[in-house]
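S.K.: Please read through the structure below; I'll follow up with questions.
Values quoted throughout were computed directly from the atomic coordinates according to the rules given, and no laboratory measurement underlies them. Just so it is clear, the model here is predicted, and its values are computed rather than measured. Methodologically, a virtual Cβ is constructed for each residue, glycine included, from the backbone with ideal geometry; neighbour enumeration extends over all protein chains shown.
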Amino acid sequence: MLIRSLPTLLIGAATLALALPAHAGKTLDAVKSRGQLVCGVNTSAPGFSAADSQGKWTGLDVDFCRAVAAAVLNDASKVKFVPLNSQQRFASLQAGEIDVLSRNSTWTLTRDASLGVVFTGINYYDGQGFMVPKKLKIDSAKKMNGATVCVQSGTTSEKNVADYFAANGMKYKSVVFDTAEAITGAFFSGRCQVYTTDMSDIAGARTKAPKPDDYVILPTVISKEPLGPSVRRGDDEWFQIVRWTLYAMQEAEEYGLTQANVDEQKASKDPTVQRLLGVSEDTGKLLGLDAQWVYRIVKQVGNYGESFERNLGPKTPLQLPRGPNNLWTKGGLMYAPPIR
Ligand SMILES: N[C@@H](CCC(=O)N[C@@H](CS)C(=O)NCC(=O)O)C(=O)O
């Protein structure tokens, strides 16, 4: 009798242990006692993170910072945005100056394994491309042999362009800058014939041109640039919160939860929706949060698709198609593991 019930007891104990609330990590404690999330963002990348003349930040990456603040501090407005250029971003995270880096940063092995940071997921699937002045009549990337190329230091763009020209037996002269402003200034004043970086960045930069129609974006995409938020290594609890905030925004889109309907959706009979909104289960406590964490993200910031449309979609100056950034159920790559 005793022998037979022992395994049952052990399984029971294991289940209980699994359901215990998460132990709060040191970053979560620091963010809570500060009452503010410190988020590293781009200095100026339209659609991703940019401040207006009143100092109000908007963008897909900015929304993500706000979503973490909504989950953790119950208030999406409790974010301090720290603009960082390409060179500064990972060192700033490593040094503890920011809690999250949410800044069009490509997830690569070197960055994930050697910079003291860890990527939490992907919030935008991008690729590197080229913009050229229309008057040069360059219609293909293969016709850029001998070109002068503007590129930013500390980016994957700098490395990929070298690979691309080498692989195609072409030569180029790079002109390297530290900031987006310097690079667009140089390119639009004709210092280089080509500007190369992530396609999303190029689309944003083109909107800043004195005459955007004078420039063309070539169709060639030379790399994979999976962009996503990262956190400092060594705080697994914080990593989980940031990663699952990303997934919560995607899962909310998949289950049709929007800023406008999330209140009425609390009465939904769908068990997944009930679980997401903390009506039936408390998934938040497993992350050191509370049952309403997903509700607050959706109510205060919106789901992933809403953030995409608001910042990058057809009604914005960038007019980017969803493409690979659509949900997996709509032919895209956005696939959140289940929140259960
Ligand atoms: N995704 C690439 C490129 C990201 C990047 O930093 N792009 C430049 C393009 S100009 C940028 O955003 N610069 C803004 C700045 O440093 O102020 C990476 O992670 O290295």
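S.K.: Rounded to a whole number, what is D in µm²/s for region 128-223 from Stokes-Einstein with the Kirkwood radius over alpha-carbon pairs (25 °C, 0.890 mPa s)?
M.R.: Rounded, D is 189 µm²/s.
S.K.: Through the Karplus equation 6.51 cos²θ - 1.76 cosθ + 1.60, θ set to phi - 60°, convert the phi angles of region 126-135 into ³J(HN,Hα) values in whole Hz; use x for Gly and Pro.
M.R.: For region 126-135, the Karplus-derived couplings read 10, x, 8, x, 9, 10, 9, x, 4, 5 Hz, x marking Gly and Pro.
S.K.: Please build a GNM for the chain, connecting alpha carbons under 10 Å apart, and tell me which residue among G256, G190, G116 fluctuates the most.
M.R.: It is G190.
S.K.: Based on the alpha-carbon gyration tensor of region 194-340, what equivalent-ellipsoid semi-axes (square roots of 5 times the eigenvalues) come out, in whole Å, largest first?
M.R.: With the √(5λ) rule applied to region 194-340, the semi-axes are 34, 18, 13 Å.
S.K.: Tell me, what is the percent relative contact order of the chain, built from C-alpha pairs under 8 Å that lie six or more residues apart?
M.R.: 22
S.K.: Could you give the size of the charge dipole of the chain about its Cα centre, using +1 on the Cβ of each K and R and -1 on the Cβ of each D and E, expressed in debye and rounded to the nearest 20? Walk me through the numbers on the way to the answer.
M.R.: Values: 38 positive and 33 negative charges, 132 e Å.
With only Lys, Arg, Asp and Glu charged at Cβ, the dipole is about 640 debye.
S.K.: Could you list, in their original order, any pairs among K171/K224; K80/K315; K137/K315; K56/K171 whose Cα atoms are separated by more than 32 Å?
M.R.: Check vs 32 Å cut-off fails for K56/K171.
S.K.: What residues of region 222-258 lie in the reach of a label at D282, counting those whose backbone N is under 18 Å from a point 7 Å from the Cα along Cα→Cβ?
M.R.: Within reach of a label on D282, which here means backbone N under 18 Å from a point 7 Å along Cα→Cβ, region 222-258 contributes 241.
S.K.: Only helical DSSP H runs with n ≥ 4 go in: add -39500 (n - 2.57) per run for the chain, normalise by residue count and round the 222 nm mean residue ellipticity to 500 deg cm²/dmol.
M.R.: -11000 deg cm²/dmol
S.K.: Next question, about the same structure. Can you compute the equivalent ellipsoid semi-axes for the chain, i.e. the square root of 5 times each eigenvalue of the Cα gyration tensor, sorted largest first and rounded to whole Å? Don't jump to the answer; show the numbers that get you there.
M.R.: Numbers: eigenvalues 332, 88, 74 Å².
Rounded to whole Å, the semi-axes are 41, 21, 19.
S.K.: Continuing with this model, one more query. Taking loop as defined by DSSP and a crowding limit of 12 other beta carbons within 10 Å, which trypsin sites (Lys or Arg not before Pro) in region 215-305 fit? Display every interim value, and only then the final one.
M.R.: Details: sites: K224, R232, R233, R243, K266, K269, R275, K285, R296, K299; in loops: K224, R233, K266, K269.
Filter output for region 215-305: K269.
S.K.: Report the far tail of the P(r) of region 262-317, meaning the percent of Cα-Cα pairs longer than 17 Å.
M.R.: Counting pairs separated by more than 17 Å, the tail of P(r) holds 46 percent.
S.K.: Taking each pair of different alpha-carbon atoms in region 234-302 once, compute 1/r for the pair, average those values, and report the inverse of that mean as the Kirkwood hydrodynamic radius in Å to one decimal.
M.R.: Over region 234-302, the inverse of the mean reciprocal pair distance is 12.0 Å.
S.K.: Plugging the Kirkwood radius over Cα pairs into Stokes-Einstein for region 73-196, at a temperature of 10 °C and a viscosity of 1.306 mPa s, what D comes out in µm²/s?
M.R.: The Stokes-Einstein estimate is 96 µm²/s.
S.K.: Choose one answer from T110, T272, T120: the residue with the largest mean-square fluctuation in a GNM of the chain with alpha-carbon springs under 10 Å.
M.R.: Result for the chain, Cα springs under 10 Å: T110 fluctuates most.
S.K.: Once the Cα atoms of helix 236-254 and of the chain are each reduced to a long axis, what angle between those two axes, in degrees from 0 to 90 to the nearest 10, is obtained?
M.R.: That works out to roughly 80 degrees.
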